[in-house]
Amino acid sequence: MPQTRHPAVESVRILVDSSLQQYPIAIGEGLLSRLPALLDESGLGGRTYFVISNPLVWKLFSRDVATVLRNVKPLLMPDGERFKHLQTVNRLYDGLLRAGADRSAVVIAVGGGIVGDTAGFAAATYLRGVPLVQVPTTLLAQVDAAIGGKVGVNHLLGKNLIGAFYPPSLVVVDPRTLGSLKRREFRAGLYEVVKYAIMTSADLFTRIQAGLTALFAREPAALTPVIVECCRIKADLVSRDERESGPRRLLNLGHTTAHALEAITKYRRFRHGEAVAYGLLVASDIAAARQFLPAADRARIAQLIAQLGPLPAVSDLSTAEALEAMGRDKKVIKGKLHFVLPSAIGAAHVVGDVSAKELAAALKRLGMRA
Ligand SMILES: NC(=O)c1ccc[n+]([C@@H]2O[C@H](COP(=O)([O-])OP(=O)(O)OC[C@H]3O[C@@H](n4cnc5c(N)ncnc54)[C@H](O)[C@@H]3O)[C@@H](O)[C@H]2O)c1
Ligand SMILES: [Zn+2]
């Protein structure tokens, strides 16, 4: 019985405010086994649960989920960013309709950010919206994608172009699920963790640096507090600014460059977090060149990113192409590129005056060609 396997599941509860509802993020080792109680506490007890997942993730966790949730109906979507599109959402609608899902249905997304975003969009639109529960199983999804209510899919012309703000009713983060994650996927999530640290917490930065071995070993004592801290940071920012007109924009630290690198390599070369790692290097380089960020902090950021492991090459990528892609970024408002720059390890600001020249110089210093 799962209850005896995990006698005392200690969990942390963080509340997120949204325009639709306030919702909890429950974080704890082995929390998957407490899914029914958590659903009950969120007012979702006794409903029909539709789990949306992918074959790989479902193989890993179906036993845990099916043991605790009776009559769960899994709908599996194929694995991979290229399946995060409207056709998949359509198939999910088909599955929900065929299974007779009515307004008592609850969609439970079990998987990484791709499952969460796609299932979330299906939940947001099916019967004009049925409750959504996020059960993220990658580090990136646990600290980022599952929180904040952004759901959506890609369009042939660009990533995340079709979507909605649709807050979940509950987020269940069980760090134990990360044990099976490939090292590269885990690292991709760690770069987002580093982003949070640079944005808001010098202390978190130091702890990541000091605890790298334990983090990579996914030791609960090291990993869980870091996840909790990142969830708190994101929960705080999205609670204050759901629609990303103010402080939530800080979360885009490193992302202007990241999105450009992902786009010019057709989303094939980098895991999103790896592109973010380059983005963090570029943002700190620009900030240091302006003497906005102390050189010593820039060096520490570069050192930590190097310590986390190798990144895919950028030396064959064109600076001009990257700049062009940045010009098409969703964050261009009235022709001006809003850029987030760190002013210290632990503080970041949105600035509106980063020039193409500064950007080009930083991309070249990163090793990209003209
Ligand atoms: N909504 C948001 O606010 C937000 C924020 C950041 C990223 N995203 C989106 O998230 C997506 C990326 O998410 P991701 O990095 O989680 O990638 P992903 O969902 O593709 O997961 C990575 C890989 O790990 C596998 N996997 C998942 N859980 C596992 C586990 N516990 N053990 C072993 N393998 C496991 C997946 O099947 C997949 O092959 C992108 O589409 C991005 O746009 C959304
Ligand atoms: Zn990101």
Inspect region 163-176 for any residue being over 29 Å from residue 41 (Cα atoms), touching a residue at least 60 places away in the same chain (Cβ under 8 Å) and away from ligand 2 (no atom under 13 Å from the Cβ) and give the result as yes or no.
no
Are any residues in region 148-205 hydroxyl-bearing (Ser, Thr, Tyr) and closer than 26 Å to residue 265 by Cβ, and if so, which ones?
191, 196
Just checking, how many residues over region 130-148 are open to solvent by 10 Å² or more (accessible area, probe 1.4 Å) and more than 12 Å from ligand 1 (Cβ to nearest atom)?
1
Can you pull out the strands (runs of 3 or more DSSP E) entirely within region 1-57 that have at least 1 residues that are open to solvent by 80 Å² or more (accessible area, probe 1.4 Å) and at pLDDT 95 or above?
12-16
Of all residues being under 29 Å from residue 269 (Cα atoms) and touching a Leu at 6+ places or on another chain (Cβ under 9 Å) in region 76-106, which is farthest from ligand 2 (Cβ to nearest atom)? Just the residue, please.
91
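When you check residue 198 against the structure, is it open to solvent by less than 10 Å² (accessible area, probe 1.4 Å), more than 15 Å from ligand 1 (Cβ to nearest atom) and modelled with pLDDT of 95 or more, yes or no?
Values: open to solvent by less than 10 Å² (accessible area, probe 1.4 Å): yes; more than 15 Å from ligand 1 (Cβ to nearest atom): yes; modelled with pLDDT of 95 or more: yes.
So residue 198 passes the test.
Quick check on region 96-116. Is at least one of its residues of a type in the set (Val, Ile, Thr), more than 21 Å from residue 139 (Cβ to Cβ) and open to solvent by 30 Å² or more (accessible area, probe 1.4 Å)? Show your work before the answer.
Taking region 96-116 as the starting set, the residues that turn out to be of a type in the set (Val, Ile, Thr) are 106-108, 110, 114-115.
Those left that are additionally more than 21 Å from residue 139 (Cβ to Cβ): 106-107.
Next cut, open to solvent by 30 Å² or more (accessible area, probe 1.4 Å) only: none.
No: region 96-116 contains no residue that is of a type in the set (Val, Ile, Thr), more than 21 Å from residue 139 (Cβ to Cβ) and open to solvent by 30 Å² or more (accessible area, probe 1.4 Å).
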Based on what the data block shows, is residue 186 out of contact with any Cys (no Cβ under 7 Å at 6 or more places or on another chain), over 19 Å from residue 348 (Cα atoms), open to solvent by 10 Å² or more (accessible area, probe 1.4 Å) and of a type outside the set (Asp, Glu)?
no
Meets criteria (open to solvent by 40 Å² or more (accessible area, probe 1.4 Å), within 13 Å of residue 366 (Cβ to Cβ), over 19 Å from the mean Cα position of the chain (by Cα) and away from ligand 2 (no atom under 16 Å from the Cβ)) for residue 316:
yes
Determine, yes or no, whether residue 259 is at pLDDT below 95, touching an Asp or Glu at 6+ places or on another chain (Cβ under 8 Å) and open to solvent by 40 Å² or more (accessible area, probe 1.4 Å).
yes
Read through the list (1) more than 8 Å from ligand 1 (Cβ to nearest atom); (2) at pLDDT 95 or above, then give the number of the only condition that residue 161 fails.
(2)
Quick check on residue 60: is it touching a Ser or Thr at 6+ places or on another chain (Cβ under 7 Å), within 14 Å of ligand 1 (Cβ to nearest atom) and open to solvent by 30 Å² or more (accessible area, probe 1.4 Å)?
yes
Got a number for residues in region 164-182 being surrounded by fewer than 16 Cβ atoms within 10 Å (Cβ to Cβ) and either away from ligand 1 (no atom under 11 Å from the Cβ) or under 24 Å from residue 17 (Cα atoms) (or both)?
1
If I filter region 275-294 for residues that are more than 16 Å from ligand 2 (Cβ to nearest atom), over 23 Å from the mean Cα position of the chain (by Cα), among the charged types (D, E, K, R) and more than 30 Å from residue 211 (Cα to Cα), do I get at least one hit?
yes
Applying the selection to region 239-279, what residues are part of a helix (DSSP H, G or I), within 15 Å of ligand 1 (Cβ to nearest atom) and of a type in the set (A, V, I, L, M)?
250, 251, 258, 260, 261, 263, 275, 276, 277
Restricting region 73-95 to residues that are at pLDDT 95 or above and assigned to a strand (DSSP E or B), the one most open to solvent (accessible area, probe 1.4 Å) turns out to be 76
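Across region 109-129, what is the total count of residues that are in contact (Cβ under 8 Å) with a residue 24 or more places away in the chain, at positive phi and more than 8 Å from ligand 1 (Cβ to nearest atom)? So that I can check it myself, show each step before the final result.
Of region 109-129, the ones in contact (Cβ under 8 Å) with a residue 24 or more places away in the chain are 109-127, 129.
Within this subset, residues satisfying the condition of being at positive phi are 111, 127, 129.
When the remaining residues are screened for being more than 8 Å from ligand 1 (Cβ to nearest atom), the result is 127, 129.
So the answer is 2.
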Can you find a residue in region 276-288 that is surrounded by fewer than 24 Cβ atoms within 10 Å (Cβ to Cβ) and either in contact with a Phe, Trp or Tyr (Cβ under 7 Å, 6 or more places away or on another chain) or of a type in the set (S, T, N, Q) (or both)?
no
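The values are calculated or read from the model by the stated rules, or taken from the named source; none is laboratory data. Computed from a predicted model, the values in this text were never measured in an experiment. Quick reminder, even Gly has a Cβ in these numbers, built from the backbone with ideal geometry, and neighbours come from all protein chains shown. Ligands, DNA and RNA are stripped out before the accessible areas are found, and what is left, the full protein with its side chains, is counted by its heavy atoms. Shrake-Rupley method; radii C 1.70, N 1.55, O 1.52, S 1.80 Å.
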